[in-house]
Amino acid sequence: MSTTVYTTMESPFGRLLLSGVLPEEGGPAALAAVTVPGQKYALAEPADDWVLDPEALAEPVAQLTDYFAGKRTGFDLPLAPEGTEFRRRIWAALDEIPYGETVTYGELAELAGQEPRMVRAVGGAVGANPLLIVRPCHRVLGAGGALTGFAAGVDRKRWLLDLESGTLF
């Protein structure tokens, strides 16, 4: 049975909650979720059976800190998000969107090998992304480039896009 560990960190969005799964053979935790205060469909506090272990999640904290400081454009972490095969396929396609660039939901569907007409299903999978910021769901826009939904709020989405476009620094 695996152990779920967690830590928190301060960010421009407030306190982030990071959770991960410790491998049975030892080593650093695989990151399972990153959530922000007020995020839809996400835990705001750790579950009762999670174990506080900042050391196990030190690398994700360091990489997120560098990202927010404009010093990192991507993440190199073991990941362990839970989701259906369809959602995992969409989440993996998010990783293909380069830093500072955006795609529409239809374009993301194509990146994931889906029909562009599946934008609603794709949007649902993007909205369920448990690895906020690390898996860049903020880089997905509505048709015509509209700044649409983001589980952590559209203002935070705009901030992330501004960070990546270089307008914050």
Next on the checklist: Once you place label points 7 Å from the Cα toward the Cβ at Arg89 and Ser2, how far apart are they in nm?
Outcome noted: 2.2
Checklist outcome for this item: Residue by residue through the stretch 59-70, the couplings from Karplus 6.51 cos²θ - 1.76 cosθ + 1.60 with θ = phi - 60°, in Hz, x for Gly and Pro, are 5, x, 4, 4, 5, 5, 4, 5, 4, 5, 7, x
Next on the checklist: I need the calculated FRET efficiency for the pair Arg15 and Ala143, taking r as the beta carbon distance and R₀ as 45 Å, to the nearest 0.05.
Outcome noted: 0.85
Next on the checklist: I need the shape label for the stretch 1-150. Rule: rounded when a/c is under 1.5, else prolate if a/b > b/c, else oblate, with a, b, c from the alpha carbon gyration tensor.
Outcome noted: prolate
Next on the checklist: Suppose R0 equals 35 Å. What FRET efficiency, 1/(1 + (r/R0)^6) with r the Cβ-Cβ distance, do Glu110 and Asp155 give to the nearest 0.05?
Outcome noted: 0.75
Item to check | Extended-chain gain in nm, criterion 0.36 nm per residue less alpha-carbon gap, Asp66 and Leu43 | outcome: 5.9 nm
Item to check | the chain - share of DSSP beta bridges that are antiparallel (%, nearest 5) | outcome: 70
Checklist entry - What list of ³J(HN,Hα) couplings, whole Hz, do you get for the stretch 150-160 from phi and the Karplus terms 6.51, -1.76, 1.60, once you set θ to phi - 60° and write x for glycine and proline? => result 7, 4, 9, x, 5, 4, 5, 4, 4, 4, 4
Checklist entry - Long-range amide H contacts for Thr3: which residues qualify at under 5 Å (H placed 1.01 Å from N, peptide plane, sequence gap of 5 or more or a different chain)? => result Leu22
Item to check | the chain: relative contact order in percent, alpha carbon pairs under 8 Å with at least 6 residues between | outcome: 21
Checklist outcome for this item: Once amide hydrogens are built 1.01 Å from N within the peptide plane, the residues lying 5 or more places from Thr148 or on another chain with amide H under 5 Å from its amide H are Gly142
Item to check | Extended-chain gain in nm, criterion 0.36 nm per residue less alpha-carbon gap, Glu24 and Asp76 | outcome: 16.6 nm
Checklist entry - How far apart, in nm, are the 7 Å Cα→Cβ label points at Val51 and Tyr99? => result 3.3
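Bear in mind that the values in this text are calculations on the coordinates, not laboratory data. Keep in mind it's a predicted model, so treat the numbers as computed, not measured. Neighbour counts run over all protein chains shown; Cβ positions are idealised from the backbone, glycine included.
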